[in-house]
Amino acid sequence: MPISRMDLGDASSPEALVTRILKAEPNLPVPVPIQELCGKLGIVRIEYLDTDEFDGVLVTDAKRSEGTILAKRGGEPRRRFTLAHELAHFLMAHHVPDQPGRFTCKGSDLLRVTAKEGDQRQRREVEANRFATLLLMPPHLLRAAMAAFHGADLRHVLVLAHDFAVGKEAAARAYVQYHPERIAVVVAANGRVQRCYRGLSFPALIPAIGSPVPTGSLYLSDRHRPNIASDIAACSSDIWIDVKRDLHAPTLSEQVYLQQNGFALILLRLEAAPEESAEERRLNEGWRHRFHSGRR
Ligand SMILES: [Zn+2]
């Protein structure tokens, strides 16, 4: 592996850094050898963290001359994500640690995908997660893997999680983002919505984070077996999304994957809206035209 920190130049954003890394390592295998990459990029030691308080810790100096990553014991996919996340803090000089020389990241930090405006700490965690996701699932390799899939199916997420050696939730997040159809994945536990990842064109969900999974969802059926993706079934779209009264209700389908730890992934897929006919389009344009002319 020929890469060194020299190859990163002045890159400082997650996207720019990963672009440089992929340029220096064009034949990166899958799963991405994250431990080896850490070693090449200035992480001199990787150790286990014997505390439940944090998932990952990076010990380094302000100049980032070298770093040590401590990661919690646990499953390999989670540990790999933690290493990539801490490597991000190490490589991004503008990330300022909580205490001098020590970044301490909790499980919730490693799941953070949005930051409150003006909250520098949250922003830093979001950037580290973006870097980790891009590095462990490089876009060109992810697209190539996804080209083999047809339709939307949680079994694809399981394949990605296995092949890229990432957690199922991280794989689901990437799947939703790169999938051409209108899909979303809801993470549920104890009957409640914990997190939600929507593709770009998927509308906002009605149930807020922390609220119960809506009545009528396939998730509430008691026929699910752990670690087996359910069949895909149609559901009433208005339990998940706001259906305007004057529009046709779109067709929404659900699929559930229950994990042994009580967490579940719920895939939501929205049928493409029917193309408006040429006649409808003419009518609509006519109305729009009259509306605008009337205002002049
Ligand atoms: Zn962090």
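The values are calculated or read from the model by the stated rules, or taken from the named source; none is laboratory data. Bear in mind that the values here come from a model prediction, so they are computed numbers and not experimental data. Neighbour counts are summed over all protein chains in view; Cβ atoms, including those assigned to glycine, are modelled from backbone coordinates with ideal geometry.
Looking at Glu125 and the list (1) of a type in the set (D, E, K, R); (2) out of contact with any Asp or Glu (no Cβ under 7 Å at 6 or more places or on another chain); (3) under 19 Å from Leu17 (Cα atoms), which single condition is not satisfied?
(2)
Given the condition out of contact with any Pro (no Cβ under 9 Å at 6 or more places or on another chain) and free of Cβ contacts under 8 Å to residues at least 60 places away in the same chain, answer yes or no: does some residue in region 182-195 qualify?
no
Among the candidates Gly39, Gly75, single out the residue that is away from the ligand (no atom under 16 Å from the Cβ) and under 20 Å from the mean Cα position of the chain (by Cα). First the steps, then the outcome.
Details: Gly39 fails: under 20 Å from the mean Cα position of the chain (by Cα).
One residue alone meets the criteria, Gly75.
Please go through region 83-94 and give me each residue that is more than 8 Å from the ligand (Cβ to nearest atom) and either free of Cβ contacts under 8 Å to residues at least 60 places away in the same chain or charged (D, E, K, R) (or both), ordered by number.
First pass over region 83-94, keeping only residues more than 8 Å from the ligand (Cβ to nearest atom): 83-84, 87, 90-94.
Once the filter is applied, which keeps residues that are more than 8 Å from the ligand (Cβ to nearest atom) and either free of Cβ contacts under 8 Å to residues at least 60 places away in the same chain or charged (D, E, K, R) (or both), region 83-94 yields Leu83, Ala84, Leu87, Phe90.
If I ask for residues that are away from the ligand (no atom under 15 Å from the Cβ) and in contact (Cβ under 8 Å) with a residue 40 or more places away in the chain, which ones from region 42-63 would you list?
Gly42, Asp61
Filter region 116-137 down to residues that are under 13 Å from the mean Cα position of the chain (by Cα) and more than 19 Å from Gly75 (Cβ to Cβ) and give me whichever is surrounded by the most Cβ atoms within 10 Å (Cβ to Cβ).
Ala128
Which of the residues that make up region 196-216 are of a type outside the set (A, V, I, L, M, F, W, C) and surrounded by 17 or more Cβ atoms within 10 Å (Cβ to Cβ)? Talk me through it step by step, then tell me what you get.
Start the filter on region 196-216 by keeping residues that are of a type outside the set (A, V, I, L, M, F, W, C), which leaves 197-199, 201, 203, 207, 210-212, 214-216.
Matches in region 196-216: Tyr197, Arg198, Gly199, Pro207, Pro214.
Exactly one condition in (1) within 11 Å of the ligand (Cβ to nearest atom); (2) closer than 30 Å to Arg269 by Cα is false for Thr114; which is it?
Condition (1) is where Thr114 drops out.
Need the failing condition index for His156 against (1) assigned by TED's automatic domain parsing to the domain that holds Val57; (2) free of Cβ contacts under 8 Å to residues at least 40 places away in the same chain, just the number.
All conditions pass for His156, except number (1).
Can you tell me which condition Ala165 does not meet? The list is (1) touching a Gly at 6+ places or on another chain (Cβ under 8 Å); (2) within 25 Å of Gln260 (Cβ to Cβ); (3) of a type outside the set (Lys, Arg), and all the others hold.
Among (1) touching a Gly at 6+ places or on another chain (Cβ under 8 Å); (2) within 25 Å of Gln260 (Cβ to Cβ); (3) of a type outside the set (Lys, Arg), the lone unmet condition for Ala165 is (1).
Considering each residue of region 5-34, count those that are outside any helix (DSSP H, G or I) and in contact with a Lys or Arg (Cβ under 6 Å, 6 or more places away or on another chain), and give that number. Give the steps one after another, and end with the answer.
In the first step, residues of region 5-34 are kept if they are outside any helix (DSSP H, G or I); the result is 9-13, 25-33.
Imposing the further condition that a residue be in contact with a Lys or Arg (Cβ under 6 Å, 6 or more places away or on another chain) reduces the set to 11.
Residues that pass the stated criteria total 1.
Whether any residue in region 35-45 is farther than 16 Å from Ser65 by Cα and assigned to a loop (DSSP other than H, G, I, E, B) is what I want to check.
No: region 35-45 contains no residue that is farther than 16 Å from Ser65 by Cα and assigned to a loop (DSSP other than H, G, I, E, B).
Any residue at all in region 136-157 that is closer than 22 Å to Gln194 by Cα and within 14 Å of the ligand (Cβ to nearest atom)? So that I can check it myself, show each step before the final result.
Kept after step one, since they are closer than 22 Å to Gln194 by Cα, are these residues of region 136-157: 152-157.
In the following step, the residues that additionally are within 14 Å of the ligand (Cβ to nearest atom) were identified as none.
No - not one qualifying residue is present in region 136-157.
Quick check, is Phe54 in a loop (DSSP other than H, G, I, E, B) and touching a strand residue (DSSP E or B) at 6+ places or on another chain (Cβ under 7 Å)? It would help to see each step written out before you state the result.
Numbers: in a loop (DSSP other than H, G, I, E, B): yes; touching a strand residue (DSSP E or B) at 6+ places or on another chain (Cβ under 7 Å): yes.
In short, yes.
Can Pro29 be described as more than 23 Å from His140 (Cα to Cα), more than 20 Å from the chain's Cα centre (by Cα) and not β-branched (Val, Ile, Thr)?
On the way: more than 23 Å from His140 (Cα to Cα): no; more than 20 Å from the chain's Cα centre (by Cα): yes; not β-branched (Val, Ile, Thr): yes.
In short, no.
Looking only at region 154-178, count how many residues are surrounded by fewer than 18 Cβ atoms within 10 Å (Cβ to Cβ) and farther than 16 Å from Val30 by Cα.
Residues that pass the stated criteria total 3.
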